[in-house]
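Asker: Take this structure first; my questions come after.
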Amino acid sequence: MNQSPVPATASGSPAASPASPATPEPEDTTVELGSSQQDAPKRAVGSAPRQASAPTDVPGGTFPGRGLEGHRWITRPTEAYTAQALKERLIGGVQSWRDYPASLRLWFWLIPTITAILGGVLRFFRLDAPHSLVFDETYYVKDAYSYVVSGYERSWPANANDSFNAGNPDILLNTPEYVVHPPVGKWMIAFGMWLFGGDNPFGWRFSAALAGTLTVFLVSLIALKLFRSHTLGAVAGLLLAIDGHHLVLSRTSLLDVFLALWILAAFGALLMDRDDGRRRLASRLAAQAAASPGGRPTPTQLVAGPWLGMRWWRLVAGLCLGLAVGTKWSALFFVAAFGLMTVLWDLSARRIAGIRSWFSAGIIKDGLPAFLTIIPIAAVTYVVSWTGWFLSKDAYYRQWAATNPAPGWDWLPNSVRSLAHYHLEAYKFHQGLSSDHPYESSPWTWLIMGRPTSFFYQTPKQGTPGCVVETCSSAILPVGNPVVWWGGTIALVILLFWWAGRRDWRAGAILAGVAAGYLPWFMYPERTMFIFYAVSFEPFLVLGLTYVLGLVLGRSGDPVWRRRSGLYIVALVLVPAVLATAFFYPVLTAEVISYQEWRMRMWMPSWI
């Protein structure tokens, strides 16, 4: 029977029409994909086809013949719709950690664990120093203690910080306190205080250090998933573990490190959903093909493709995004960016699988279910996080609706109307937050660390422990590792070219994470902002730098000299990064050093 060949994309998918160029899938020519041969990348669209297994000799060289046998980027329709062929071009050769050789499976989990242990040591060592509330811990730690005691925020007397620092936090007043951030991050801080007590700094900061350590684990695991390289998974985990900015935010109980954790967890869940959805699409489309006489789906079946059913990883992503919004409202931008990202992934999957009306089918069969899965779960999670407020009788604005009737809205429970009013007032506060602060910084300066926020500074006297000279300093300055931040900034430019020119979905996904956490701040030029807000997108900055280091490292199939040269260059990046952390470590963790040593670490006048 005469069958026309189906051209395939880089990952073996049917090529799109000229008006709709194909997008290369997971294994393109960008980064190293592991040490096993099955991890080798496929060629990108536009690259030369591989030589035929039975080449035809022609004058001037050896080229593939005119038959199908010599062209790996073409396959017959009956072969294109088998389960294996569909999975190969939708996901690639390595579809899960179980597909690694047995000798490498252990490392898939061991590498993130080792980097997390390193990050944990740096974060938990001397966690109780300094033995006092620093910077905005004065708000969030005391709010968390209120949660432990009463489930909502209560007011404190004027001398609360002194009493708290002395180990006597039990001085809460009976009046409610007005706060402008949701409860999740404060509940997480309260968890550490419940475990280790609210009368010591270790209890205040335990949850932040744990969240920072888990973020290191996740970024390494996600790098393994994205790049399919044990080396690059270790690189990503190491870079985040040693970065000073993330380190300081993990050692102080502010909300931003919890925000970063839940955002990264949501991203990881959507990565899992991407592969899971494509496996389902491959298996269901293959089942339709197997049931058809011609060994391929019928034209009617290829119009829209199959429904994929419940996507459980999207429920996980919705839960994590709800917790992120419940930590800080700025997570709403990630909800929008990640929602668009996962829909675009599904549109691409249907197009690559050969679905004819892939755009409309993707919107109806994937996009709408994604919205109805992620958004309601996120919304319910967010509302549930206010349980303490709902259960109280005298929390701030709790009884507002009882004294403020609203004709036309009386059908809503008073608690719901009161909470809505609370949110409106908090939104007005954030919109009007424009008071001057000595350490405020514009987003334009964040990527180059133009103005780090000083969390703590003291000048111990000579004779105090650690001070053997006339003038000493003890400081906490969340200055990022210059190699990570300045190198990551350069990497973002390279990622833009790889995303636009090579159409690599991984570059686009990383850029989406950076854009969602960074670009929205430019919409509020008059608002008081601080550089530590950038910790929400810092894991994606690390992934971007890791991506570029993967380009330098090369592929597993490259010549030995190429791989060795790439390894040397990567080492020239990692070694200075480790040395930079060792150099800045005293001003990241409030160690007592001489003033001159502190001054040596202030590389820019704006850091002082």
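Asker: Figure the gain on full extension for TRP411 and ILE448 (residue separation times 0.36 nm, minus the Cα-Cα span) and round it to one decimal in nm.
Answerer: Working: separation 37, 0.36 × 37 = 13.32 nm, distance 5.18 nm.
Extending this stretch completely gives an extra 8.1 nm.
Asker: In terms of the ratio Rg/(2.2 N^0.38 Å) built on C-alpha atoms, what value belongs to the range 428-523?
Answerer: Numbers: Rg = 19.6 Å, N = 96, 2.2 N^0.38 = 12.5 Å.
The reported ratio for this selection is 1.57.
Asker: Residue by residue through the range 370-377, which ³J(HN,Hα) values in whole Hz follow from phi under the Karplus form 6.51 cos²θ - 1.76 cosθ + 1.60 (θ = phi - 60°), with glycine and proline marked x?
Answerer: 5, 4, 6, 9, 6, 5, x, 5
Asker: Shifting gears a bit: What does the accessible area per residue of the range 108-240 come to in Å², with a 1.4 Å probe and no ligands, DNA or RNA counted?
Answerer: Values: 4680 Å² over 133 residues.
Normalised by residue count, the accessible surface of the range 108-240 is 35 Å².
Asker: By average Cβ neighbour count within 10 Å, what is the ranking of 547-553, 514-520, 209-215, 429-435 from highest down? It would help to have the intermediate numbers written out before the result.
Answerer: Numbers: 547-553: 22.0, 514-520: 20.1, 209-215: 23.9, 429-435: 11.3.
Going by the mean number of other Cβ atoms within 10 Å, highest first, we get 209-215, 547-553, 514-520, 429-435.
Asker: As an exercise, take the mean of 1/r over every pair of distinct alpha carbons in the range 566-608, invert it, and state the Kirkwood radius in angstroms. It would help to have the intermediate numbers written out before the result.
Answerer: On the way: mean 1/r = 0.0842 Å⁻¹.
Its Kirkwood hydrodynamic radius stands at 11.9 Å.
Asker: Same structure, new question: Charges only on Cβ, +1 for Lys and Arg, -1 for Asp and Glu: so what's the dipole of the chain about the Cα centre, in debye to the nearest 20?
Answerer: Working: 48 positive and 38 negative charges, 431 e Å.
With only Lys, Arg, Asp and Glu charged at Cβ, the dipole is about 2060 debye.
Asker: Let me ask you something else. What FRET efficiency, computed as 1/(1 + (r/R0)^6) with R0 = 60 Å and r the Cβ-Cβ distance, is obtained for PHE583 and THR298, rounded to the nearest 0.05?
Answerer: Working: r = 66 Å, r/R0 = 1.10.
Plugging the Cβ-Cβ distance into 1/(1 + (r/R0)^6) gives 0.35.
Asker: At 25 °C and a viscosity of 0.890 mPa s, what translational diffusion coefficient does Stokes-Einstein give for the range 120-200, taking Rh as the Kirkwood radius over Cα pairs? Give it in µm²/s as a whole number.
Answerer: Numbers: Rh = 13.1 Å.
It comes out at roughly 188 µm²/s.
Asker: Which cross-chain or sequence-distant (5 or more) residues have an amide H under 5 Å from the amide H of PHE456, H modelled 1.01 Å from N in plane?
Answerer: Placed amide hydrogens put ILE476 under 5 Å from PHE456.
Asker: Please compute the Kirkwood hydrodynamic radius of the range 200-277 from all pairs of different C-alpha atoms, in Å with one decimal. List each step's numbers first, then the result.
Answerer: On the way: mean 1/r = 0.0767 Å⁻¹.
Averaging 1/r across every pair of different Cα atoms and inverting gives 13.0 Å.
Asker: Put a dot 7 Å past each Cα toward the Cβ at TRP603 and ALA102; how far apart are the dots in nm?
Answerer: 4.8
Asker: Per-residue counts of other Cβ atoms within 10 Å, averaged by peptide: what ranking do you get for 154-166, 322-334, highest first?
Answerer: On the way: 154-166: 15.1, 322-334: 24.2.
Listed from highest to lowest mean packing, they are 322-334, 154-166.
Asker: Along the charge dipole of the chain, Cβ charges K/R +1 and D/E -1, which of PHE258, LEU90, ALA491 sits furthest on the positive end?
Answerer: Of the options given, the answer is LEU90.
Asker: Per residue, what accessible area does the range 278-388 have, given a 1.4 Å probe and all protein chains present, in Å²?
Answerer: Numbers: 4630 Å² over 111 residues.
Here the per-residue accessible area is 42 Å².
Asker: For THR471, what residues show an amide H to amide H distance below 5 Å, using hydrogens built from the backbone and excluding near sequence neighbours?
Answerer: TYR595
Asker: Would you please put 358-371, 436-449, 195-208, 227-240 in order of how densely packed they are, using the mean number of other Cβ atoms within 10 angstrom per residue and starting with the highest?
Answerer: On the way: 358-371: 18.3, 436-449: 15.4, 195-208: 21.2, 227-240: 26.6.
With the highest mean Cβ count within 10 Å placed first, the list reads 227-240, 195-208, 358-371, 436-449.
Asker: For the chain, how many pairs of lysine residues have a Cα-Cα distance under 30 Å, where the two are 8 or more positions apart or belong to different chains?
Answerer: Qualifying lysine pairs in the chain: 18.
Asker: Under a crude label model (7 Å from the Cα following the beta-carbon direction), how far is VAL469 from THR387 in nanometres?
Answerer: The modelled label-to-label distance comes out at 5.4 nm.
Asker: Cysteines without a disulfide-compatible partner in the chain, using Cβ under 4.7 Å as the rule?
Answerer: Result for the chain is CYS320, no neighbouring Cys Cβ within the cutoff.
Asker: Test of understanding: extend the Cα→C-beta vector of HIS430 to 7 Å, then name every residue of the range 381-420 with backbone N under 15 Å from that spot.
Answerer: Hits in the range 381-420 for HIS430 at 15 Å: 382-383, 420.
Asker: Which whole-number percent is the relative contact order of the chain (Cα, under 8 Å, 6+ apart)?
Answerer: Working: 1068 pairs, mean separation 104.5, N = 608.
Relative contact order of the chain: 17 percent.
The values are calculated or read from the model by the stated rules, or taken from the named source; none is laboratory data. Keep in mind that this is a model prediction, so the values were computed, not measured. Glycine gets a Cβ as well: all are built from the backbone with ideal geometry, and neighbour counts include every protein chain shown. In case anyone asks, the SASA skips ligands and DNA or RNA and just uses the protein heavy atoms, side chains included. Shrake-Rupley method; radii C 1.70, N 1.55, O 1.52, S 1.80 Å.
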